Amino acid sequence: MYRIKDDFMAELEIKKSRFLCYLHKSFSEADAKDFIQQIRKLHPNARHHCYAFIIGEQNELQRSNDDGEPQGTAGVPMLECLANRQMQDIVAVTVRYFGGIKLGAGGLIRAYSKSVSNALEHAVITQKQKRLVYSMTYSYELIGKLDHYFRQNDIEILNKDYGEQVTYLWMCREPLDADMAEITNGRFLPEFIEERIVDVEV
């Protein structure tokens, strides 16, 4: 599943109507509704403020609203666009400033769907990935070898503690027990701490 990294806005003009799509990362219905109200206040003179959101670990919360557009021509296509892109924990609000030319039902569906897809194409997208957190305490003479190993393998060090011995806390994709045993000649082994889900830019 995918998320946006930060809030984002993109604008399209279709047959003189302006479509401004605002994307927001959200983890609750209350937050989503608050964001929708913020956009309404930001554009009080717009004809429509249509929205869709998908929230929850299993995408259990899905809502959409046409806000005065013909039924099924705005919120639903926006929601389908989010779902097709496998987006999660996201609110999309598309503000329409009417340009005087009617688009028809099919034209509205395409326009609102395109407003969301266009915003997603330009926003920074992240993917949820599993990471493993480990800790290891070892003697000072191994710092050089271990620092070199972590740099070479692009492993994120979360914390370094220098006491009588050195303790590193790191995050990685796969267990490093075999590599650590080889580097330390079996003298020190990492301790598994926890599994985390992180957002990685794609």
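The values are calculated or read from the model by the stated rules, or taken from the named source; none is laboratory data. No experiment lies behind these values; they were computed from the predicted model shown. Cβ placement follows ideal geometry from the backbone for every residue including glycine, while neighbour counts extend to all protein chains displayed.
Observations
- Listed by first and then second residue, the pairs linking a residue in segment 182-202 that is more than 12 Å from MET171 (Cβ to Cβ) to a residue that is among the polar types (S, T, N, Q) and surrounded by 15 or more Cβ atoms within 10 Å (Cβ to Cβ), with Cβ atoms under 6 Å apart and 6 or more places separating them unless they lie on different chains, are GLU191/SER135; ASP199/THR126; GLU201/THR126.
- Failed criterion for ARG40 (all others in (1) in contact with a strand residue (DSSP E or B) (Cβ under 7 Å, 6 or more places away or on another chain); (2) in contact (Cβ under 8 Å) with a residue 24 or more places away in the chain; (3) of a type outside the set (Asp, Glu) hold): (2)
- Of all positions in segment 31-48, none carries a residue that is in a strand (DSSP E or B) and surrounded by fewer than 17 Cβ atoms within 10 Å (Cβ to Cβ).
- So LYS128, is it surrounded by fewer than 22 Cβ atoms within 10 Å (Cβ to Cβ) and within 30 Å of GLU156 (Cβ to Cβ): yes
- The set of residues in segment 66-112 being surrounded by 14 or more Cβ atoms within 10 Å (Cβ to Cβ), over 23 Å from the mean Cα position of the chain (by Cα) and charged (D, E, K, R) consists of ASP66, ASP67, GLU69, ARG96, ARG110.
- Residue match in segment 60-67 (condition: under 13 Å from ILE90 (Cβ atoms) and touching a residue at least 24 places away in the same chain (Cβ under 8 Å)): yes
- Summed over segment 156-187, residues that are exposed (fewer than 12 other Cβ atoms within 10 Å of the Cβ) and part of a strand (DSSP E or B) total 3.
- Only listed residue being closer than 30 Å to SER64 by Cα, basic (Lys, Arg) and touching a Cys at 6+ places or on another chain (Cβ under 9 Å), chosen from ARG85, ARG96: ARG96
- In segment 1-23, the residues that are at pLDDT 95 or above reach residues that are in a strand (DSSP E or B) and of a type in the set (Gly, Ala, Ser) with C-beta atoms within less than 8 angstrom, at least six apart or across chains, in these pairs: LEU20/ALA10; CYS21/ALA10; CYS21/ALA92; TYR22/ALA92; LEU23/ALA92.
Every residue, every condition in (1) touching a strand residue (DSSP E or B) at 6+ places or on another chain (Cβ under 9 Å); (2) assigned by TED's automatic domain parsing to the domain that holds GLU11, yes or no:
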residue	(1), (2)
GLY106	no, yes
TYR112	yes, yes
SER115	yes, yes
TYR134	yes, no
ILE143	yes, no
ASN153	yes, no
TYR162	no, no
PRO175	yes, no
GLU182	no, no
